[in-house]
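*Asks:* Below is one structure. I have some questions about it.
The values are calculated or read from the model by the stated rules, or taken from the named source; none is laboratory data. As the structure is a prediction and not an experimental result, all values here were calculated from the model. Don't worry about glycine lacking a Cβ; one is built from the backbone with ideal geometry, like all the others, and counts go over all protein chains shown. We work out accessible area using only protein heavy atoms, side chains counted, and drop any ligands, DNA or RNA first. Shrake-Rupley method; radii C 1.70, N 1.55, O 1.52, S 1.80 Å.
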Amino acid sequence: PRSLRREMAERYDCTECKESLYGQKYVLREEKPYCVKCYEVLFCHNCEVCQKLISCTSKDLSYKDRHWHGECFLCTKCSRSLVDRPFATKDDVLMCTECYSNEFSAKCHACLKTIMPGSKKMEHKGNSWHENCFTCNRCQQPIGTRSFVQKDGNNYCLSCYEKQFALQCVHCKKPITTGGVNYRDQPWHKECFVCIGCKQQLAGQRFTSRDDFAYCLDCFCNLFAKKCAYCTTPISGLGGSKYISFEQRQWHNDCFNCKKCCVSLVGRGFLTCKDDILCPDCGKDF
């Protein structure tokens with residue numbers, strides 16, 4: 001606010017109420033003069049805390065269209081002044097950064113202290129750590145962004161985990177860190193447990209073995225299964241699939257039909273004529 005002396009010749013009035021400002025305190029706003037009363041009505045705000053007017057002679061602290069007296073701008077938790085101090089808000093509640101962190105910031109899973117806003121933190125499965133607290137349980141070195149394995153609530157860098165816990169693949173002799181396969185009480189990498197014939201991975205699919213070697217069903221059938229006397233394709237006999245056997249010959253159930261009329265002979269009497277099988281009715285012709 002400023003004041004004018006009487007010796008000024010021209011009129012100098014309040015922009016709003018037109019009252020003379022000679023000898024009065026006034027405020028300039030955008031080069032327009034206002035008496036203190038009009039200025040406070042038009043432009044001053046009420047304090048968020050005490051709800052009283054923040055006069056033009058008081059310090060107005062504002063944040064996101066909200067206003068406070070300097071003496072009212074305090075942390076809601078500890079009541080310390082937030083003037084010239086970092087602060088944060090939660091649901092429009094003002095707090096110093098220390099109180100905000102204690103109330104809302106994550107706690108380190110290792111040291112149980114607050115992870116301050118702005119500081120680097122590591123997260124895994126809902127837990128948080130200070131960067132320097134996120135260490136390998138064996139070598140105690142910070143893990144940082146390196147790969148790691150969690151076991152029994154502890155974190156291990158891959159090197160330490162392999163030395164302490166990992167099984168060795170019976171095929172390649174290297175440690176198995178994730179997703180191994182157990183076959184005949186021996187550990188395998190998924191990518192090492194393959195069909196001896198076509199090298200296709202066997203994990204998660206049906207397979208069989210012969211002479212201690214694992215085979216996918218296709219390779220096993222092609223190599224070892226008996227051939228159907230009618231269609232000549234392999235008869236696996238695996239998984240409960242049914243077939244007919246007679247005098248050193250085998251048929252798929254669906255292939256065991258009369259050579260002449262094609263009626264199914266499964267569970268019925270039949271006759272043979274050289275390599276053919278016939279139903280009793282068709283066999284009368286022979």
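*Asks:* List the pairs whose first member sits in the range 134-153 and is without any contact (Cβ under 8 Å) to a residue 24 or more places away in the chain and at positive phi, whose second member is of a type in the set (Val, Ile, Thr) and open to solvent by less than 70 Å² (accessible area, probe 1.4 Å), and whose Cβ atoms are under 9 Å apart, counting only residues at least 6 apart or on separate chains?
*Replies:* none
*Asks:* Can I ask one more? Somewhere in the range 81-92, is a residue open to solvent by less than 80 Å² (accessible area, probe 1.4 Å), modelled with pLDDT of 85 or more, more than 30 Å from PHE134 (Cα to Cα) and part of a loop (DSSP other than H, G, I, E, B)?
*Replies:* Taking every residue of the range 81-92 in turn, at least one turns out to be open to solvent by less than 80 Å² (accessible area, probe 1.4 Å), modelled with pLDDT of 85 or more, more than 30 Å from PHE134 (Cα to Cα) and part of a loop (DSSP other than H, G, I, E, B).
*Asks:* For LYS59, indicate whether it is within 51 Å of the chain's Cα centre (by Cα) and open to solvent by 60 Å² or more (accessible area, probe 1.4 Å).
*Replies:* Judged against the criteria, LYS59 is a match.
*Asks:* What is the one condition in (1) open to solvent by 50 Å² or more (accessible area, probe 1.4 Å); (2) over 24 Å from PHE193 (Cα atoms) that CYS231 does not satisfy?
*Replies:* (1)
*Asks:* Which one of these is touching a Cys at 6+ places or on another chain (Cβ under 9 Å), surrounded by fewer than 12 Cβ atoms within 10 Å (Cβ to Cβ) and modelled with pLDDT of 85 or more: ARG146, ARG138?
*Replies:* Going through ARG146, ARG138 in turn, just one is touching a Cys at 6+ places or on another chain (Cβ under 9 Å), surrounded by fewer than 12 Cβ atoms within 10 Å (Cβ to Cβ) and modelled with pLDDT of 85 or more: ARG146.
*Asks:* Test of understanding: among GLN201, GLN205, which residue is under 36 Å from the mean Cα position of the chain (by Cα), open to solvent by 40 Å² or more (accessible area, probe 1.4 Å) and closer than 20 Å to LEU167 by Cα?
*Replies:* Within the list GLN201, GLN205, the selection yields GLN201.
*Asks:* Given (1) assigned to a strand (DSSP E or B); (2) in contact with a Leu (Cβ under 7 Å, 6 or more places away or on another chain); (3) open to solvent by 60 Å² or more (accessible area, probe 1.4 Å), where does ILE277 come up short, assuming only one miss?
*Replies:* Of everything listed in (1) assigned to a strand (DSSP E or B); (2) in contact with a Leu (Cβ under 7 Å, 6 or more places away or on another chain); (3) open to solvent by 60 Å² or more (accessible area, probe 1.4 Å), ILE277 misses just condition (3).
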